[in-house]
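Please treat every number below as a calculation from the coordinates, not as lab data. Just so we're clear, the structure is a prediction, and the values are computed from it rather than from any experiment. Because the Cβ atoms are built from the backbone with ideal geometry, glycine has one as well, and the counts that use them run over all protein chains shown.
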Number of protein chains: 2
Amino acid sequence: MTNIVVVGFGAMGTKTIEELNKKETVHVKAVIDTNPMYKGKFTNDYIKDNKQIPIYNSLEDIEWKDVELAIVTSASFLIQIEPLLVELANKEVNILTIAEEMSYPEATNKEIADKLNKLALNKNITILGTGINPGFILDLFIIVLSNTCLNINEIKATRVNDLSEFGTTVLRSQGVGLSVKEFEEDVRSKKVVGHVGFAQSIHLIAKAFKWELIRLKEEKEPIITNEKVTVQGEIIDKGNVIGCNHKAVAHFKNNKVITFEHPQQVCANNYPETKDEVEIQGVPNIKVKIEPEIPGGIGTVAMIINMIPLIIESQAGLINILDLPRLPSIFNE
Amino acid sequence: MTNIVVVGFGAMGTKTIEELNKKETVHVKAVIDTNPMYKGKFTNDYIKDNKQIPIYNSLEDIEWKDVELAIVTSASFLIQIEPLLVELANKEVNILTIAEEMSYPEATNKEIADKLNKLALNKNITILGTGINPGFILDLFIIVLSNTCLNINEIKATRVNDLSEFGTTVLRSQGVGLSVKEFEEDVRSKKVVGHVGFAQSIHLIAKAFKWELIRLKEEKEPIITNEKVTVQGEIIDKGNVIGCNHKAVAHFKNNKVITFEHPQQVCANNYPETKDEVEIQGVPNIKVKIEPEIPGGIGTVAMIINMIPLIIESQAGLINILDLPRLPSIFNE
């Protein structure tokens with residue numbers, strides 16, 4: 001039995017707890033969320049589940065001695081999450097997080113990555129960032145496909161997903177409902193974030209292929225509706241924004257190029273179906289289509305669950321998805 | 001510099017040598033093929049290449065001391081290849097082979113697998129079977145995709161490839177040109193072999209998912225042409241065979257099912273395009289299409305080349321594709 005603490009009681013944290021509660025080999029001991037409204041409450045006050053797990057506001061409310069793993073679902077950016085990771089590492093528990101920048105933190109901030117690695121080695125724990133993207137579609141999946149190639153000249157990949165089901169926080173982060181002018185301002189002020197993780201995926205591929213990155217350029221374009229659409233009860237007029245098409249182009253020393261495109265949009269009316277598409281130009285050429293796209297929510301929770309036994313058995317340190325064995329782990333049920 | 005000996009100077013051996021000769025980090029020291037016509041000859045007597053590599057009829061003609069790896073491309077079945085593998089292991093070189101049954105030899109003959117494992121440990125070498133199928137499409141690829149699933153109920157996969165470019169040996173092994181009656185007789189007498197490797201792929205998945213196999217059934221059906229087609233200069237009449245549709249259905253204790261279908265056929269006239277298709281029914285459902293299929297010839301050579309550094313660095317023993325890290329290895333060129 002693996003004792004687990006889940007940090008963050010948002011959408012992903014909740015779904016992760018629900019799935020963990022179905023397993024006989026793991027036990028969610030406690031949940032941590034800093035929101036004061038949860039103080040003294042239990043998970044089954046909020047989710048349909050017959051396991052009553054206490055929710056605490058602080059790490060200090062828990063006895064960590066018998067906890068083997070903390071699953072952190074609370075933030076995207078390295079700089080936001082670093083203090084929490086340090087605090088958890090000092091409790092000497094393994095850490096699995098879906099913070100996008102933690103899938104390959106060296107890509108964003110080598111200093112923080114080195115610090116976390118040193119701390120993890122020192123405390124004899126493992127720290128891993130995982131998720132569907134970054135963590136799978138635009139990195140691991142491409143790297144695994146590349147095993148069948150003699151040579152690769154260029155990689156193009158597109159992930160199209162649908163924001164219709166998401167809440168206002170996510171819609172806002174992609175600029176849904178804004179005018180084009182507002183969108184452009186919000187890209188500049190970083191209220192519209194697009195996809196977090198291109199740098200991580202590209203550096204993971206560069207590491208796997210031993211390619212030397214010389215330039216990485218990102219661009220965010222508004223996706224504009226040509227008809228009135230209704231999203232979560234809100235009407236968006238023709239000419240306004242229903243999503244963000246985030247692109248990244250990476251150049252490598254040996255003239256290789258990676259082009260990623262990730263339109264996140266409300267797939268209403270005439271807008272395209274969701275999909276994941278990967279095209280490798282090389283020997284041989286490979287064209288893969290996954291339709292619909294591997295869903296971000298379920299996919300991320302699956303990546304968390306499948307990595308649990310692997311991270312617990314892994315060597316100490318800050319690791320990434322390429323350091324783990326190929327085996328998934330839950331399917332003995 | 002890794003010194004390599006290639007065993008088998010057929011289509012795959014030749015293509016492998018051509019690719020290895022382009023690399024600066026490996027050196028093909030010698031080739032072995034038992035065909036007496038090659039005695040005293042060099043590779044560049046047969047292939048356009050400016051590297052002159054001697055071809056020998058016997059393992060005993062080579063000084064093995066500085067050889068790190070033998071690449072064996074000479075047979076499909078465990079029972080055919082076992083004596084050669086034992087002989088090579090006794091030379092204390094790592095062995096990489098594309099013999100289909102060697103991708104997971106435990107699936108066919110646990111006794112031989114145990115013997116090879118013991119010998120490999122004893123000689124401190126690594127033995128690995130690799131290839132595109134088995135070795136990638138119907139096993140590794142599915143296993144990697146499964147990382148994004150919370151649950152899997154059923155797996156269906158189809159690989160459709162085109163025999164048009166193959167020589168008479170391959171065409172014969174799939175029954176091309178036979179009448180339906182002859183095809184059925186040749187399936188019984190095992191002259192028509194269909195695909196070699198369903199058992200290996202299925203056991204690799206079972207291992208990865210910890211599923212307990214209770215039944216594996218295979219079936220070979222003739223693919224019949226409804227018009228006259230010409231294959232390698234030979235005319236095949238309407239009603240005769242242009243390929244073999246080999247199917248496998250595996251049942252597992254927990255009611256999971258795997259259904260594989262691998263029609264190998266001459267894709268003339270109205271016959272389907274080639275493709276690889278994987279469908280996972282579970283949470284979430286995943287539908288992947290690779291079109292055209294990842295080509296068997298180039299793909300197999302790429303798997304060999306990408307695995308070379310990994311097998312040399314691997315722990316000793318008889319290993320399989322799941323034991324290796326996720327990194328490919330050639331792309332620093």
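Evaluate peptide B:209-219: per residue, the Cβ atoms of other protein chains within 10 Å of its Cβ; return the mean as an integer.
On the way: counts 7, 7, 3, 1, 0, 0, 0, 0, 0, 0, 0.
That works out to 2 on average.
Across peptide A:134-147, how many C-beta atoms of other chains are within 10 Å of each residue C-beta, on average? Mind dumping the intermediate values first?
Details: counts 0, 2, 4, 1, 0, 0, 4, 6, 0, 5, 10, 6, 7, 22.
The shielding value for this peptide is 5.
Would you calculate a helix-derived [θ] at 222 nm for the protein assembly as shown, using -39,500 (n - 2.57) for each DSSP H run of n ≥ 4 and dividing by the full residue count, to the nearest 500?
-8000 deg cm²/dmol
Just the number, please: Stokes-Einstein D of the stretch B:197-333 in µm²/s, Kirkwood Rh from C-alpha pairs, 20 °C, 1.002 mPa s. Could you put the intermediate results ahead of the total?
Values: Rh = 18.2 Å.
Estimated diffusion coefficient is 118 µm²/s.
What lysines could a cross-link reach from A:K228, if we take a straight Cα to Cα line under 27 Å and drop same-chain neighbours fewer than 8 places away?
A:K181, A:K190, A:K191, A:K220, A:K238, A:K247, A:K275
Please list, or write none, the aspartates and glutamates whose alpha carbon is within less than 19 Å of the alpha carbon of B:K207, excluding same-chain residues fewer than 8 places away.
Within the straight-line cut-off, B:K207 pairs with A:E313, A:E333, B:E100, B:E101, B:E106, B:E111, B:D114, B:D139, B:E154, B:D323.
How far is A:N255 from the same spot in each other copy, in nm, shortest first, if each label point sits 7 Å from Cα toward Cβ?
For A:N255, the inter-copy label distances come out at 5.8 nm.
Among the chymotrypsin sites (Phe, Trp or Tyr not before Pro) in the stretch B:121-181, which ones are in a DSSP loop with at most 16 other Cβ atoms within 10 Å of the Cβ? Mind listing them?
none
Determine the percent antiparallel among the DSSP beta bridges restricted to the protein assembly as shown, to the nearest 5.
60 percent
The stretch A:13-62: which chymotrypsin sites (Phe, Trp or Tyr not before Pro) are DSSP loop and have at most 15 other beta-carbon atoms within 10 angstrom?
A:Y46
Taking a cut-off of 16 Å between Cα atoms, list the aspartates and glutamates near A:K91, but don't count ones fewer than 8 places away on the same chain.
Within the straight-line limit of under 16 Å, A:K91 reaches these aspartates and glutamates: A:E60, A:D61, A:E63, A:D66, A:E68, A:E82.
Which whole number gives the average, over all residues in A:288-296, of C-beta atoms from other chains lying within 10 Å of the residue C-beta?
Average per residue, whole number: 5.
What is the packing order of peptides B:173-186, A:99-112, taking the mean over residues of other C-beta atoms within 10 Å and listing the highest first? Don't skip to the answer; put the middle values down first.
Details: B:173-186: 20.4, A:99-112: 21.9.
Output ranking for B:173-186, A:99-112: A:99-112, B:173-186.
Quick one: net charge around A:L140, please, counting Lys, Arg +1 and Asp, Glu -1 for every other residue with C-beta under 13 Å from its C-beta.
Net of charged neighbours comes to 0.
Where the centroid of each part is defined by its Cα atoms, how far is the stretch B:5-71 from the stretch A:115-191 in Å?
If you average the Cα positions of each part, the centres end up 45 Å apart.
Can you list residues from other chains, or at least 5 along the same chain, whose modelled amide H is less than 5 Å from the amide H of A:I224?
Those qualifying (amide H under 5 Å, at least 5 residues apart or on another chain) are A:I242.
One decimal, nm, shortest first: give the distances between the label point of A:E212 and those of the same position in the other copies, each label point 7 Å from Cα along Cα→Cβ.
Values, ascending and in nm: 5.5.
For the stretch A:1-80, which GluC sites (Glu not before Pro) are in a loop by DSSP, counting at most 14 other Cβ atoms within 10 Å? It would help to have the intermediate numbers written out before the result.
Details: sites: A:E18, A:E19, A:E24, A:E60, A:E63, A:E68; in loops: A:E24, A:E63, A:E68.
Counting only loop positions with at most 14 other Cβ atoms within 10 Å, the GluC sites (Glu not before Pro) in the stretch A:1-80 are A:E24, A:E63.
What fraction, in whole percent, of alpha-carbon pairs in the protein assembly as shown exceed 48 Å separation?
Values: 43418 of 221445 pairs.
The share of Cα pairs beyond 48 Å in the protein assembly as shown comes to 20 percent.
Take a quick pass over the stretch A:17-83 and tell me how many lysine pairs come in under 19 angstrom between Cα atoms, counting only ones 8 or more apart or on separate chains.
Lysine pairs meeting both conditions in the stretch A:17-83 amount to 12.
P(r) tail for chain A, what percent of Cα pairs lie past 29 Å?
Taking all Cα-Cα pairs of chain A, the fraction more than 29 Å apart is 42 percent.
Every other copy gets compared here: list the nm distances from the B:G297 label point (7 Å along Cα to Cβ) to its counterparts, shortest first, one decimal.
Label point to label point, same position, other copies: 4.8 nm.
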